[in-house]
Amino acid sequence: MKSKALVIYEKNGPFVLDEIELEAPRAGEVLVRIAAAGLCHTDLLAREKGEETAFNDIPLPMVLGHEGSGVVAEVGPDVDYCSVGDHVVLSYNHCEVCAGCHSGVTSTCEEFVPLNFCGAQRGGGTRLYKDGQPVSTFFGQSSFAHYAITNSSNTIVIPKDVPVELFGPFGCGIQTGAGAVFYKLHPIPGDSIAVFGCGSVGLSALLAAKACGCTTIIAVDVFDSKLELARTLGATHTVNVRGCDADREIHKIIKGGVNYAAETTGNGKVLSQSLNCLAPGGTTCVIGTGSREVTFDIDLLRSERHVVGVIEGSLDPHIQIPRLIELYKHGFFPIEKFTAFYDMKDMDKALEATKNGTVIKAVIRMN
């Protein structure tokens, strides 16, 4: 069948709205009619194809998009995990059979990189073509398109009483920020936390901290507009780091430092500040991807401060996403407050709004 898609043909190239061909779903696979897909920082990193990252292994051309949501249009042979007409959120691909997958933290899958960043589907090869030539798949979905082929590991059925086009970001950014707090930091009522970066990941971490009962929630960013929104979502304090050191400002707010920090920017200097703002025994969760250069005083670790990493929220999305949607239904995750929708033809506008900070989570509707 044919489908419209936003195709990348060259490194750092534009998103070209083009027509591609899709194979029918194979055994265990599903054809999903995409309603919408979130624009994530990871899509932009893959578009840039950094030489020292797994993204450089994705052959061009490729269709990005890994925060898709939509409706099941067709199921392949031996599919029993969903049915035609089901509403679904699409997440990351994993093999379902390795030790990491069986641990319950499927983001530690031994095949995570090849299944998500090397351009092929889980069963091998691509299902996308342009003029008979292969087009690379991203995260086992490539959801910047009218239709996508997915499989059991990354297709999560959701209730039909919520707006399906809103929940694609739960498949990556939202579950990553929220899961980092819920499943990696484990704050208890009365704890304190500093959230570095108020994008969709950081705000999701903030919302999770509020749901856990944290009573001091400090939002850190360089945009006043984002900090104002963070206050409406539950931040008790905000710090604009333009012209100041975040860790010093945080120590002014809470004597001795915070119990937890969530670092979402991927900036090495910011990560160092997140460590410096901790109280003894505190923990920083490294969420953002970016700079690998980090410097900090080793005495920070001698006072039992900790650094932990998280990928995709550190749990199984089949468990995590339905729980997050239940929290949304009860008012805990009002993601519509930081979501803006764009049509496929307006991808450049979505990119610019994301870059300049006027939009926190851009979601592309697939018309």
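Antiparallel beta bridges, as assigned by DSSP with both residues in the chain, represent about 55 percent of the total such bridges. Value of Rg to Rh for segment 1-118, rounded to two decimals, is 0.97; Kirkwood radius and Rg both from alpha-carbon coordinates. Let me check I've understood the local charge: for Val195, count other residues with C-beta under 15 angstrom from its C-beta, Lys and Arg +1, Asp and Glu -1. What total comes out? It works out to a net charge of -2.
Neighbours of Thr106, meaning other residues whose beta-carbon lies under 14 angstrom from its beta-carbon, give a summed charge of -4 when Lys and Arg score +1 and Asp and Glu score -1.
So how strong a dipole does segment 177-311 carry about its Cα centre when Lys and Arg Cβ are +1 and Asp and Glu Cβ are -1, to the nearest 20 debye?
On the way: 12 positive and 12 negative charges, 27 e Å.
Around 120 debye, computed over segment 177-311.
Please give the helix 317-329 orientation as an angle from the longest Cα principal axis of the chain, in degrees from 0 to 90, rounded to the nearest 10. That helix lies at roughly 70 degrees to the long axis. For the chain, the longest principal axis of the C-alpha atoms and the axis of helix 200-212 are separated by about 60°. For segment 83-167, the set of trypsin sites (Lys or Arg not before Pro) satisfying both a DSSP loop assignment and a count of at most 14 other C-beta atoms within 10 Å is given as Lys160. When the convex hull of its Cα atoms is viewed from all sides, the chain shows a mean projected area of 17.1 nm².
Under a Gaussian network description of the chain, with springs only between Cα atoms under 10 Å, the residue in Pro280, Pro59, Pro77 that fluctuates furthest is Pro77.
Which whole-angstrom value gives the distance between the alpha carbon centres of segment 327-367 and segment 13-62? The distance from the Cα centre of segment 327-367 to that of segment 13-62 comes to 18 Å. The residues neighbouring Lys130, those whose beta-carbon lies less than 11 Å from its own, together hold a net charge of -3 under the Lys/Arg +1, Asp/Glu -1 convention. For segment 1-76, which GluC sites (Glu not before Pro) are both in a DSSP coil and crowded by at most 12 other Cβ atoms within 10 Å? Those satisfying the criteria are Glu10, Glu51, Glu52.
Please tell me which of these pairs span more than 19 angstrom C-alpha to C-alpha: Lys2/Lys160; Lys337/Lys361; Lys210/Lys337; Lys130/Lys355; Lys226/Lys345; Lys184/Lys361? Intermediate values should be presented prior to the final figure.
Working: Lys2/Lys160 27 Å; Lys337/Lys361 10 Å; Lys210/Lys337 16 Å; Lys130/Lys355 30 Å; Lys226/Lys345 26 Å; Lys184/Lys361 23 Å.
Correct reply: Lys2/Lys160; Lys130/Lys355; Lys226/Lys345; Lys184/Lys361.
Once C-alpha pairs closer than 8 Å and six or more residues apart are averaged by separation and normalised to the residue number of segment 8-164, the relative contact order reads 31 percent.
Please say if segment 177-311 is rounded, prolate or oblate, where rounded means a/c under 1.5 for a ≥ b ≥ c the square roots of the C-alpha gyration tensor eigenvalues, and otherwise the choice is prolate for a/b larger than b/c and oblate otherwise? Cα axes put segment 177-311 in the rounded bin.
Only the coordinates and a few stated rules stand behind these numbers; no lab work does. If you're wondering where the values come from, they're calculated on a predicted model, not measured in any experiment. Because the Cβ atoms are built from the backbone with ideal geometry, glycine has one as well, and the counts that use them run over all protein chains shown.
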